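Values quoted throughout were computed directly from the atomic coordinates according to the rules given, and no laboratory measurement underlies them. The structure presented is a predicted model; accordingly, all values stated were derived computationally and were not measured. FYI the Cβ positions are ideal-geometry reconstructions off the backbone, even for glycines, and counts take in every protein chain you see.
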């Protein structure tokens, strides 16, 4: 068992979208670094202890309390300095009077130095972590990320779990892996939100749709050091098994189409569908994911070519109402 330690701060930045730049809030991968969305990927092996230090940003505080929640993780414990608790205790919803204001213990940057969340990564899968304070506002502004938990031996040649997402006997062997985080952005909201002030989410009206924080065609660019660091283009050879780890961090449902390829769903919401005694995996050409849902899909292309993966809601495939754009990426298959 290893200990995976992440040090995060929250900061404001500018998000680059086709035709405009808008404000956003994001997590930094290092202290006093630049914010990004999605937040830094957290990668662990089942059995590892994950420790997330959320540190007050004294140089540029956001202006409202902050907390993180970890859906799918059990027994999340918290400590906070200097206000306590000093001994790890289970996270608890926080109230002001009779009104719940946070889904978990939170960091007040005006008085707290840092808050520590920790948990044991019990089972393989792909999970979200996201804001727990004013979630409807802070998640939409960009405070979310992904946790990938892998089986022991996934990176050890010859091990039964080598290059599997869930371990041997689960049908999750892969040659190429890509995490795809679906979301949508209301640019008017991003330009209007004021830290510490109420925003009426009934006005929420997305006008950009993104994969890994980017709109097409920027989705095809590789990883970089910007505030939208993760590309979503995929390259493989004929016959290779491509594992798409698709998770919906947005508020809307998205029907993700595989561009004419046939995929097999091998896990849903972190639960493998196959075991040595049962195979409940199934074939698809597209899949609908609600908010917070995930699916692991294996594709093994048989023909070279370019295959576009996209949201079947066609008005989600535009930038500034111009097609093509939005929630789309591509698999390039070579001989």
* Asked: Percent antiparallel among DSSP beta bridges with both residues in region 180-257, to the nearest 5?
  -> 60
* Asked: Roughly what would the spin-label model give for residue 202 and residue 285, points 7 Å off Cα along C-beta, in nm?
  -> 4.1
* To do: Work out how far the C-alpha atoms of region 9-73 reach from end to end along every principal axis, then list the three figures in whole Å, largest first.
  => 44, 29, 19
* Pairwise centroid distance, computed over Cα atoms, of region 292-335 with region 203-230, Å -> 13
* To do: Rounded to the nearest 0.05, what FRET efficiency do residue 101 and residue 313 give with R0 = 41 Å and r taken as the Cβ-Cβ distance? Could you check?
  => 0.75
* To do: Tell me, rounded to the nearest percent, the portion of alpha carbon pairs in region 70-182 spaced more than 25 Å apart.
  => 38
* Cα-based Rg of region 47-126 per 2.2 N^0.38 Å, rounded to two decimals? -> 1.14
* Calculated from DSSP H runs of 4 or more alone, at -39500 (n - 2.57) each and per residue, what is the 222 nm mean residue ellipticity of the chain, nearest 500? -> -1000 deg cm²/dmol
* To do: Report P(r) for region 54-95: all Cα-Cα distances, bin width 10 Å, range 0 to the bin holding the largest distance, values in whole percent.
  => 21, 52, 26, 1
* **Share, in percent, of DSSP beta bridges within region 176-334 that are antiparallel, nearest 5** => 75
* Which whole-number percent gives the relative contact order of the chain, counting Cα pairs below 8 Å spaced six or more residues apart? -> 16
* Among DSSP beta bridges lying fully in region 1-108, give the percent that are antiparallel, nearest 5. => 75
* Asked: Under a no-solvent Debye model with one identical scatterer per Cα of region 3-150, what's log10 I(q)/I(0) at q = 0.08, 0.09, 0.14 Å⁻¹?
  -> -0.21, -0.26, -0.64
* Asked: When only alpha-carbon atoms count, how far does region 173-308 stretch along each of its three principal axes, as whole angstroms with the largest first?
  -> 53, 33, 25
* Asked: Where Rh is the Kirkwood radius over the Cα pairs of region 278-319, the temperature 25 °C and the viscosity 0.890 mPa s, what D in µm²/s does Stokes-Einstein return?
  -> 184
* **Virtual spin-label span in nm between residue 21 and residue 194, 7 Å along Cα→Cβ** => 2.4
* Asked: What full-extension length gain, to one decimal in nm, is calculated for residue 75 and residue 235 as 0.36 nm per residue of separation minus the Cα-Cα distance?
  -> 53.8 nm
* **Overall dimensions of the chain as given by Cα atoms, namely Rg and Dmax in Å** => 19.9, 64
* Structure fact -> Rounded to one decimal in nm, the spacing of the 7 Å Cα→Cβ label points at residue 302 and residue 7 is 5.2
* To do: First measure r as the distance between the Cβ atoms of residue 275 and residue 49, then evaluate 1/(1 + (r/R0)^6) with R0 = 25 Å and state the FRET efficiency to the nearest 0.05.
  => 0.40
